[in-house]
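Only one structure is covered here, and it is reproduced in the block below.
The values are calculated or read from the model by the stated rules, or taken from the named source; none is laboratory data. Here the structure is a predicted model, which means the values were calculated and not measured. Cβ placement follows ideal geometry from the backbone for every residue including glycine, while neighbour counts extend to all protein chains displayed.
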Amino acid sequence: MVKRRGIVLIFLSLLMAAGAAFVANNWVVARVIPGQGNGENSESVVAAAMAIPFATKVNERHLKLVEMPEGLAPDGFFKTIDDVIGKVSTTNISRGEILVTERFRTHTTGSTLAALVTEHMRAVTVRVDDVVGVAGFLLPGNTVDILASRKVGGKRAITETILTNIKVLAVDQTASSESNEPVIVRAVTLEMKPKQAEVLFQARTEGSIQLTLRNPLEMEPEPPTPAAKKRVARKTSPVRRAAPPSEVIVIRGTTIKKTKTKS
């Protein structure tokens with residue numbers, strides 16, 4: 001009899017403990033995340049169901065809906081999955097990250113690369129080798145400086161930095177890369193202004209170019225774009241002044257006559 005009473009007391013204790021834990025959990029949820037338990041004051045936001053690489057055209061498998069307390073979602077968030085499908089990512093996006101409009105571009109027609117080109121900018125492709133291409137360490141999303149070398153007077157060669165902080169849009173025909181291993185490529189597509197493109201192609205015509213990889217955290221003001229061709233100062237020849245005319249004095253007896261001669 002005593003043993004049976006003890007078992008009943010233990011069972012009641014466990015039941016009361018479970019009930020207390022349930023009540024405490026609901027109280028914490030109601031205090032910390034208002035509306036989470038009853039579905040009020042919350043809203044649906046679109047998040048990444050998996051990692052989305054740079055320059056990827058988004059489809060339904062990349063996306064999921066999650067509930068968040070109202071007012072905590074970041075600015076520019078998407079409310080429905082249909083709002084994101086078909087857009088192109090402009091950065092690498094981690095799994096579970098809340099998606100916002102500034103990380104995507106609208107893709108209508110043509111290649112996905114065209115959607116990545118910023119307004120008023122141009123995509124320019126240059127042919128490279130393993131040296132110019134920084135030994136294959138260039139990846140989409142990197143930034144580079146461009147150096148140009150040319151000969152002056154047929155003998156002395158000069159090298160100068162003609163463009164800085166230029167974004168790499170693609171390497172060969174790849175606009176996204178999930179690997180950090182170096183890959184030797186034959187062409188690099190860069191994003192630049194139309195005037196910068198003119199400077200680049202003129203430098204390529206006059207000599208050779210070299211790409212230098214920049215630290216992505218290094219920020220510095222962009223220097224003014226150098227002129228496509230430096231003007232050579234013209235040497236002006238000195239003005240020769242005419243020598244003053246000389247005089248010849250002729251004396252004949254008491255007569256003196258002066259005659260000017262031309263120099």
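Numbers below:
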read-out: Count - residues of the stretch 56-98 that are within 22 Å of residue 142 (Cα to Cα) and not in a loop (DSSP other than H, G, I, E, B); value: 4
read-out: Scope the stretch 106-144; condition closer than 20 Å to residue 50 by Cβ, surrounded by 18 or more Cβ atoms within 10 Å (Cβ to Cβ) and in contact with a strand residue (DSSP E or B) (Cβ under 6 Å, 6 or more places away or on another chain); matching residues; value: 140
read-out: Condition met for residue 102 (over 23 Å from residue 171 (Cβ atoms), out of contact with any strand residue (DSSP E or B) (no Cβ under 8 Å at 6 or more places or on another chain) and of a type in the set (D, E, K, R)); value: yes
read-out: Some residue of the stretch 165-178 being on the phi > 0 side of the Ramachandran plot and free of Cβ contacts under 8 Å to residues at least 12 places away in the same chain; value: no
read-out: Subset of the stretch 34-55 [in a loop (DSSP other than H, G, I, E, B), at negative phi and either at pLDDT 90 or above or among the small types (Gly, Ala, Ser) (or both)]; value: 37, 49, 50, 51
read-out: Counted residues, the stretch 46-90 - those being surrounded by 13 or more Cβ atoms within 10 Å (Cβ to Cβ) and among the polar types (S, T, N, Q); value: 3
read-out: Test: residue in the stretch 231-254 that is in a strand (DSSP E or B) and either modelled with pLDDT of 85 or more or touching a Cys at 6+ places or on another chain (Cβ under 6 Å) (or both); value: no
read-out: Single residue of the stretch 94-124 satisfying the filter (under 22 Å from residue 183 (Cβ atoms) and at pLDDT below 90) that is nearest to the chain's Cα centre (by Cα); value: 116
